[in-house]
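Comments concern the structure below.
The values are calculated or read from the model by the stated rules, or taken from the named source; none is laboratory data. The shown structure was predicted, so the numbers you read here are calculated from the model rather than taken from an experiment. Positions of Cβ are generated from backbone atoms using ideal geometry, with glycine treated the same way; all protein chains shown enter the neighbour counts. Surface accessibility is based on the protein's heavy atoms, side chains included, excluding ligands, DNA and RNA. Shrake-Rupley method; radii C 1.70, N 1.55, O 1.52, S 1.80 Å.
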Amino acid sequence: MKKSITLLSVLALAFGLAACGDKKDASAQTETVSAGKDIPPPAGKQWADIVAETPEMGVVMGNPDAPVKLVEYASFTCPHCADFSAQASEPLRKLVGTGRLSYEFRSFLRDPYDLAMALLARCGGAEPFFPLTEQLMANQPDFFAKAQAIDPKAAEAALKQPPNQRFVTLGTTTGLVDFAKQRGVPEAKAKQCLADPKAADGLVNKAQEGAKQYDISGTPTFLLNGKVVEGVAGWEGLRAKLTEAGL
């Protein structure tokens, strides 16, 4: 039987796999591709409104057949990821609207709170995922203040609870459940999502697989058509790479 997520497995992700904004050789180049002409969306729709969950437990926005595919591995507790979200969300939607770019967000976990937020972001399915993710990123300062105010012993005790209780406790004490409730996720639904060990296991496993496959050492990490964009951790650098790709 598959074991449920443990405190040790989460902390291994937190301390063993990723830093926030720790990037590799900035001189590395990305292979250039040609994005071509704009591709019209289906009648009555916009590409940015077409979203779907992916096998990697990410969520993708845009034309599934877009010639340029962007993937971001990001952490909800990484300030660099929050900065990227604030700077890039609107221009990325415009680029996705051309039909030439699709954008997928995949969670990369650095700590137990990160996992709690990832569970909540997915709670309503694909449709509200991107707006809720952007709001969670924008709320980082308030969340950090609440998390730092928690007695460390209380947080440790929460993580020793059974798998179907620990993230409910973390989400409640840090105000994440109320945050989601104020944005259209019913409290009972939010707690149900936080109490789902299968989803938690899946997110941890996919983060581990991504780290191994792409040698991820920091967040955010970007892939363009399946290849890591080296030396880029912000919107300005990524926009230059997208321009090189013909966007």
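What the table below lists for this structure:
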{"read-out": "FRET efficiency estimate (nearest 0.05) - Cβ-Cβ, E244 to Q46, R0 35 angstrom", "value": "0.85"}
{"read-out": "Contour excess over end-to-end distance, with Cα ends at E53 and S217 and 0.36 nm allotted per residue", "value": "56.6 nm"}
{"read-out": "Distance violations [Cα-Cα > 21 Å] among K69/K198; K206/K241; K45/K94; K37/K94; K94/K241", "value": "K69/K198; K206/K241"}
{"read-out": "Simple spin-label estimate for A188 and N225 in nanometres, 7 Å along Cα-Cβ", "value": "4.9 nm"}
{"read-out": "Relative contact order of the range 66-149, pairs being alpha-carbon contacts under 8 Å that are 6 or more residues apart, as %", "value": "41 percent"}
{"read-out": "Relative contact order (%) - criterion: Cα under 8 Å, at least six apart; region: the chain", "value": "34 percent"}
{"read-out": "Accessible area of the chain belonging to carbon and sulfur atoms, whole % at 1.4 Å probe", "value": "54 percent"}
{"read-out": "Low-density loop positions, chymotrypsin sites (Phe, Trp or Tyr not before Pro), the range 41-112 - DSSP coil, at most 10 other Cβ in 10 Å", "value": "none"}
{"read-out": "For the range 210-247 versus the range 85-132, the gap between their alpha-carbon centres in whole angstrom", "value": "15 Å"}
{"read-out": "Share of pairwise Cα separations in the range 106-247, more than 19 Å, in percent", "value": "57 percent"}
{"read-out": "Gaussian network model of the chain, Cα within-10 Å springs - most flexible of A43, A199, A149", "value": "A43"}
{"read-out": "Gaussian network model of the chain, springs between alpha carbon atoms under 10 Å - residue of Q161, Q182, Q140 with greatest fluctuation", "value": "Q182"}
{"read-out": "Value in Å of the Kirkwood radius, where the range 63-135 supplies the Cα pairs that are averaged", "value": "12.9 Å"}
{"read-out": "Cut-off of 10 Å, at most 16 other beta carbons, DSSP loop: longest stretch of the chain lacking such GluC sites (Glu not before Pro)", "value": "32-229"}
{"read-out": "Difference of contour (0.36 nm per residue) and Cα-Cα distance, D38 to L159", "value": "38.7 nm"}
{"read-out": "The chain - share of DSSP beta bridges that are antiparallel (%, nearest 5)", "value": "55 percent"}
{"read-out": "Residue with peak Gaussian network fluctuation, the chain [Cα springs, cutoff 10 Å], from P131, P141, P152", "value": "P152"}
{"read-out": "For the chain, accessible area per residue (1.4 Å probe, heavy atoms of protein chains only), Å²", "value": "47 Å²"}
